[in-house]
Each structure stands twice: as C-alpha cells, then as structure tokens.
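Enquirer: Dropping the structure in here first, questions after.
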Amino acid sequence: MAIERYGKLDVLVNNAGVAPISLLDELRVDDWEEMIDVNLKGVLYGIAAALPVFRRQSFGHLVNVISTAGIQIIPTMAVYAGTKSAVRTITETLRQEAGDKLRVTSVSPGFVRTNLTNSMTNPEVKGQIVERMGKMAIPPAAIARGIAFAIEQPAEVDVNEIVIRPTAQA
C-alpha cells in the first residue's frame, strides 16, 4: 500500500467497470448484479479506503473514472448507464462534502481501446460494440493524460469533471 511505502496517499484513481449490457427484456439479473457490484460498489469501496486517509492527512485527490454512458443514454445500457450515473452523483456529492483540502474529479471516457467488451454476455450487442470500438476507439493513454492534467493542478485548483471521447463519437 502507498501509505506503508511512501507514508502518504496523494491520489486514488477509481477505475472499476464491467459492461454485460443487454436489453432490459432479456432479464439478465446476474449481469445487473455484477454491474452494481463492480461499477458502483467497487467505487464506493475505493472511496471508503481512501477518504479516511485523505481526512487524516488533510489532503488528497480522488478521481472516479465513469463513462459517457452516464451522460448519453442508449438502448441496452440501462443498468450500465444507471451505475455510471450513480457514480457521477456520488462523485459530485463527495466533491461538495470534501471541503477545501480534498480534490474530487470525475473522468468520463467514451470509446477507449480496452478489454471492456470481454465482460459483455450478449453476443449480438458485443459484436456491435466491438465493431464501433474498432472504428473509433482512442488509446487508454488519452484518458491517462486527462487524469494527469487534473492531478497536476495546484492544490487550490480542483478540476471537477472531464469528458474525453473520440472526435468521431456522437
């Protein structure tokens, strides 16, 4: 852990996500529970681990990687987008509660070249997403640069929200 090695925790980047997306009519309840457990509870557990440390130190920066799915709703993504919208709400609430010593940033990527499609259980939907990603996805380094930008700001500057997506993404 960072505290044991460095004596402090400067930043926590919460980047939890699975996307076994499907139409609600398919009633893939196990997939819904997985998305809630990983996408929502995973972020909450990260906050629970970092926030007490940040409060003790009187500084820290929490970055929650969300998704543009929490901004633009499309069919098949009801539960996924719901978890991402919930994380957006939690992030903004934490920002408001943080006080003047902690910084909180949300980063919402669009299509990024990742293995997120590995978690998709509906073959038809997975095929459509893989095809779209192949045509327009940006490299993960683009998201890393956005996160670095927020982190590198002076302590009195809090970059609250960043949306990073391919120029070709609607």
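Enquirer: Evaluate Rg over Rh across the stretch 114-157, taking Cα atoms for both radii and Kirkwood's formula for Rh. Mind showing how you got there, number by number?
Expert: Numbers: Rg = 15.6 Å, Rh = 12.7 Å.
Reported Rg/Rh, Kirkwood definition of Rh: 1.23.
Enquirer: Same structure again: Compare A98, A69, A49 in a GNM of the chain, Cα atoms joined below 10 Å, and give the one with the largest fluctuation.
Expert: Of A98, A69, A49, the most mobile in the Gaussian network model is A49.
Enquirer: Further, regarding this structure: What residue among S119, S58, S85 shows peak mean-square fluctuation when the chain is described by a Gaussian network model with Cα springs under 10 Å?
Expert: Evaluated over the chain, the most mobile residue of the options is S58.
Enquirer: Given a cut-off of under 8 Å on Cα pairs at least six residues apart, what relative contact order in percent is computed for the stretch 1-87? If you can, show how the numbers build up before the last one.
Expert: Values: 105 pairs, mean separation 35.0, N = 87.
After rounding, I find 40 percent.
Enquirer: Percentage of Cα-Cα pair distances in the stretch 80-164 greater than 19 Å, rounded to whole percent?
Expert: 51 percent
Enquirer: List the lysines whose alpha-carbon lies under 27 Å from that of K8, not counting same-chain residues fewer than 8 positions away?
Expert: Here the lysines satisfying the reach criterion relative to K8 are K41, K101.
Enquirer: Next question. When K126, K84 are ordered from fewest to most other Cβ atoms inside 10 Å of their Cβ, what list results?
Expert: Fewest-to-most Cβ neighbours within 10 Å comes out as K126, K84.
Enquirer: Neighbouring Cβ atoms within 10 Å as the yardstick, rank D100, D31, D37 fewest first.
Expert: Placing the least packed residue first, the sequence is D100, D37, D31.
Enquirer: Mind checking Rg over Rh on the stretch 35-121, alpha carbons, Kirkwood formula for Rh? Walk me through the numbers before you get to the answer.
Expert: Numbers: Rg = 14.0 Å, Rh = 13.8 Å.
Rg divided by Rh gives 1.01.
Enquirer: With r defined as the distance between the Cβ atoms of A2 and T89 and R0 fixed at 35 Å, what FRET efficiency is calculated, to the nearest 0.05?
Expert: Using R0 = 35 Å, I get an efficiency of 0.80.
Enquirer: Output the relative contact order of the stretch 2-158, whole-number percent, from Cα pairs under 8 angstrom with separation of 6+ residues.
Expert: 26 percent
Enquirer: Let me ask something else about it. Within the chain, which DSSP H helices have Cα atoms that stretch 18 Å or more along the helix axis and a mean Kyte-Doolittle hydropathy of at least 0.0?
Expert: 42-57
Enquirer: Here's another thing I want to ask about it. Over the Cα atoms of the stretch 2-158, what is the Rg over Rh ratio if Rh follows Kirkwood?
Expert: 1.01
Enquirer: Would you please put 3-9, 50-56 in order of how densely packed they are, using the mean number of other Cβ atoms within 10 angstrom per residue and starting with the highest?
Expert: So the peptides 3-9, 50-56, ranked by packing, come out 50-56, 3-9.
Enquirer: Could I have the simple spin-label model distance between V53 and T121, label points 7 Å from Cα toward Cβ, reported in nm to one decimal?
Expert: Here the answer is 3.3 nm between the modelled labels.
Enquirer: Now, a different point. Quick one: which residues, 5 or more positions from T105 or on another chain, have an amide H under 5 Å from its amide H? H modelled 1.01 Å from N in the peptide plane, none for Pro or chain starts.
Expert: Answer set, sorted by chain and number: L62, V63, N64.
Enquirer: May I pose another question? Run the paramagnetic zone check for E97: 7 angstrom along Cα to Cβ, then residues of the stretch 36-54 with backbone nitrogen under 18 Å.
Expert: Within reach of a label on E97: 40-54.
Bear in mind that the values in this text are calculations on the coordinates, not laboratory data. Keep in mind that this is a model prediction, so the values were computed, not measured. Virtual Cβ from ideal backbone geometry, glycine too; neighbours counted across all protein chains shown.
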